[in-house]
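Heads up, the thing below is written out as structure tokens.
The values are calculated or read from the model by the stated rules, or taken from the named source; none is laboratory data. Note that the coordinates shown come from a computational prediction; the quantities given were computed from them, not determined experimentally. Cβ placement follows ideal geometry from the backbone for every residue including glycine, while neighbour counts extend to all protein chains displayed. Each accessible area value is taken on the protein alone, full model and side chains, heavy atoms only, with ligands, DNA and RNA left out. Shrake-Rupley method; radii C 1.70, N 1.55, O 1.52, S 1.80 Å.
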Amino acid sequence: MRTLRLLLGDQLTRRIATLTDLDPDHDIVLMVEVRAEATYVRHHKQKIAFLFSAMRHFAAELDGEGIAVDYVRLDAPGNTGSFTGELERAIARHAPDRIVVTEPGEWRVWEMMQAWRDDLGLPVEIRDDNRFLCPRAEFAAWAGDRRSLRMETFYRGMRRRTGLLMDGAEPVGGRWNFDPENRKGLPKGHILPERLGFPPDAVTREVIALVEAEFPDHFGTTEAFAWPVTRGEALTAFKHFLAVCLPSFGDYQDAMRSGAPFLYHALIGAALNAGLLTPGEVCRAAERAYRTGAAPLHCVEGFIRQILGWREYVRGLYWARMPDYATSNALAASRDLPWFYWSGETEMNCLSQCIDATRTHAYAHHIQRLMVTGNFALLAGIAPAQVEEWYLVVYADAYEWVELPNVHGMVLWADGGVMGSKPYAASGAYINRMSDYCRSCAYNVAQKSGPKACPFNYLYWAFLIRHADRLGDNPRLAMPYRAIERMDAARRAAIVAEASRFLDRLGDGAPVGPPSTEQGTLDLAFPEPPTARRGARHQGDQTVSPT
Ligand code: FAD
Ligand code: DLZ
Ligand code: SF4
């Protein structure tokens, strides 16, 4: 029997279900570079280059093992530009008896695969993605038809199931979650470690040239490309992270600093999501670092929680709740995405720092995504679909299974609380506490109103006022709503008016900065948002407002 095994660009591991029973004497592995996948959203140039280079390297490795690989390049004559078209052409070339493929990471491709069963005229076997630690069916059974699904409960179950950081039935160190130890700001003068980058080799240089020629108007630049594009490189980078960064990862997980996009983060999202690394192996390696005394528990637990907890949880949630999940809009957000998300042209320094890094590296770390670009989109009431598209475009690690729950649920609260019990809304005080951005900003984080006031300040209160009907009785927002109750009606109206004036200026596509003429300088002493805990981070049902 001859099997045609279609390997998608984010399934680059020898252990993927598609390849487990491969018969090298008869089978063919099909890999295709197709325009439709590069353009269904206009991915960052580095994401396309990373994936094409990783695909070409992986194909060469399979070939080196004596496996027959049919690799279709983007510029190959006759390339139809789609998975379906290339499957049809490959069927004509190889006359296989059946097709084997592993389930994809996006609903839209899942639907395509269902159609192949009807349309291709031969058996199509779609296998479970065996890279994840929680199979889709198990998550669905856990989720049932519950309306809200909390990460922390799921995470504890995964710790028990995998035995990671467990002493028998108890969590190592007597606690499940060391989140309170994961929120330090970076001390002034703190010297960050050098990160390991991988300058483009000949294969990457060739695909970068292809991407620049074929997708010139896509977001982002390729000059700083430094992603690992093989499993060997990804392992080298990860070992460097374990030795140099993991021991401080937990402390500074939520910190931000101008000109320092990476801090102590692992930079493994792109490699993990494409299959160059597996979640099980990175969690076990981190656990070993703790058990051998190479890294402290709060750092190792903080790291494992992101992968065993958040990553598995968002993937489970995506498949359990799609396709309806993407359509909700609990806060009726409808404003257009401001142009500066693409151009970086804004005088809000926090946003311009995060967007510039994103354009240069196809990367921003979690707190930048959540509490800067995400927080602004939430407070400004940007339409979820537009924010989701932006996040899917701009990061090298972006795939809908992981991007959508993070944006739709965690950032925008568009799911009305399926994922988080309250929105992560925060004023400028949070950004000031966790970064040095405010020191070089055209706005003043200490000012609550007036042309120089930090827009996050009045947008935060205007957001809460706007959504009082929906959020006012949320016990976790009791503090800020009490502060709003104490304001008189004129003050509330002034906040709303100031926020509206600012948001209306976003619509004209102009770079956003403090207006040059004095306007609306009501010196209203808005209250400081209540500071609950320093630099709170998302933590499932334990969240505290990072105001
Ligand atoms: P580290 O901070 O070093 O964390 C290690 C790993 O933990 C990450 O590589 C990732 O695999 C996992 N992880 C951490 N947080 C999350 C999370 N919330 N959800 C899932 N996995 C997590 N991650 C993606 O992989 N793709 C996305 O498209 C994506 N979009 C996001 C959008 C928003 C609005 C937010 C708030 C987060 C998003 N994340 C996404 C999660 C997280 O920001 C990235 O995984 C992380 O920044 C990648 O960099 P790193 O490898 O240095 O991560
Ligand atoms: C993201 C992406 C891009 C840009 N190009 C390709 C491609 O040419 N061929 C391919 O097999 N996969 C590509 N991918 C990854 C797919 O979009 C991904 O497999 C689906 O989104 C399902 O997760
Ligand atoms: Fe951002 Fe406000 Fe700080 Fe400027 S003052 S960097 S806009 S939080």
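Observations on the model:
- Checking each residue in the range 436-451 for being within 24 Å of G185 (Cβ to Cβ) and in a loop (DSSP other than H, G, I, E, B) picks out D436, C441, A442, Y443, V445, A446, Q447, K448.
- When G472, G513, G428 are checked against the criterion of being modelled with pLDDT under 95 and away from ligand 1 (no atom under 16 Å from the Cβ), a single residue qualifies: G513.
- Of all the residues in the range 324-356, those that are in a helix (DSSP H, G or I), within 10 Å of ligand 3 (Cβ to nearest atom) and open to solvent by 40 Å² or more (accessible area, probe 1.4 Å) number 1.
- Yes/no for L51 being closer than 21 Å to G269 by Cβ and open to solvent by 10 Å² or more (accessible area, probe 1.4 Å): yes
- Which numbered condition F241 fails, given (1) in contact with a Phe, Trp or Tyr (Cβ under 6 Å, 6 or more places away or on another chain); (2) near ligand 1 (Cβ under 10 Å from one of its atoms): (1)
- Restricting the range 262-305 to residues that are over 30 Å from M31 (Cα atoms) and of a type in the set (V, I, T), the residue that is farthest from ligand 2 (Cβ to nearest atom): T292
- Scoring A362 on the criteria (1) more than 10 Å from ligand 1 (Cβ to nearest atom); (2) aliphatic (A, V, I, L, M); (3) within 18 Å of R466 (Cα to Cα) leaves a single failure, condition (3).
- When residues in the range 24-39 are screened for being under 16 Å from V101 (Cβ atoms) and of a type in the set (D, E, K, R), 2 of them pass.
- Yes/no for M419 being at negative phi, in contact with an Asp or Glu (Cβ under 6 Å, 6 or more places away or on another chain) and not hydroxyl-bearing (S, T, Y): no
- Matching residues, the range 186-218, being in a loop (DSSP other than H, G, I, E, B) and open to solvent by less than 20 Å² (accessible area, probe 1.4 Å): F215, H218
- Contacts under 9 angstrom Cβ, first residue in the range 461-486 being in contact (Cβ under 8 Å) with a residue 40 or more places away in the chain and open to solvent by 30 Å² or more (accessible area, probe 1.4 Å), partner of a type in the set (A, V, I, L, M, F, W, C) and part of a helix (DSSP H, G or I), 6 or more apart: R466/V496; R466/A499
- Within the range 393-422, being out of contact with any strand residue (DSSP E or B) (no Cβ under 9 Å at 6 or more places or on another chain), more than 16 Å from ligand 2 (Cβ to nearest atom) and touching a residue at least 60 places away in the same chain (Cβ under 8 Å) holds for H408, G409, M410, W413, A414, D415, G416, G417, V418, M419, K422.
- Residues of the range 260-310 classified as among the hydrophobic types (A, V, I, L, M, F, W, C) and assigned to a helix (DSSP H, G or I), total: 17
- Of the listed requirements (1) touching a Gly at 6+ places or on another chain (Cβ under 9 Å); (2) open to solvent by 20 Å² or more (accessible area, probe 1.4 Å); (3) among the hydrophobic types (A, V, I, L, M, F, W, C), V300 misses just one: (2).
- Within the range 75-101, if we keep just the residues that are crowded, with 16+ Cβ neighbours inside 10 Å and aliphatic (A, V, I, L, M), the residue that is nearest to ligand 3 (Cβ to nearest atom) turns out to be V101.
- Filter pass, A260 being more than 8 Å from ligand 1 (Cβ to nearest atom), open to solvent by less than 10 Å² (accessible area, probe 1.4 Å) and in contact (Cβ under 8 Å) with a residue 24 or more places away in the chain: no
- No other residue among R35, R56, R42 is open to solvent by less than 30 Å² (accessible area, probe 1.4 Å), of a type outside the set (A, V, I, L, M, F, W, C) and not assigned by TED's automatic domain parsing to the domain that holds R231 apart from R56.
- The residue that is nearest to ligand 3 (Cβ to nearest atom), counting only those in the range 393-406 that are farther than 14 Å from M322 by Cβ and open to solvent by less than 10 Å² (accessible area, probe 1.4 Å), is V394.
- Of everything listed in (1) open to solvent by 60 Å² or more (accessible area, probe 1.4 Å); (2) at pLDDT below 95; (3) not acidic (D, E), the single unmet condition for A489 is (2).
- Within the range 114-148, considering residues that are of a type in the set (A, V, I, L, M), under 24 Å from the mean Cα position of the chain (by Cα) and part of a helix (DSSP H, G or I), the one surrounded by the fewest Cβ atoms within 10 Å (Cβ to Cβ): A137
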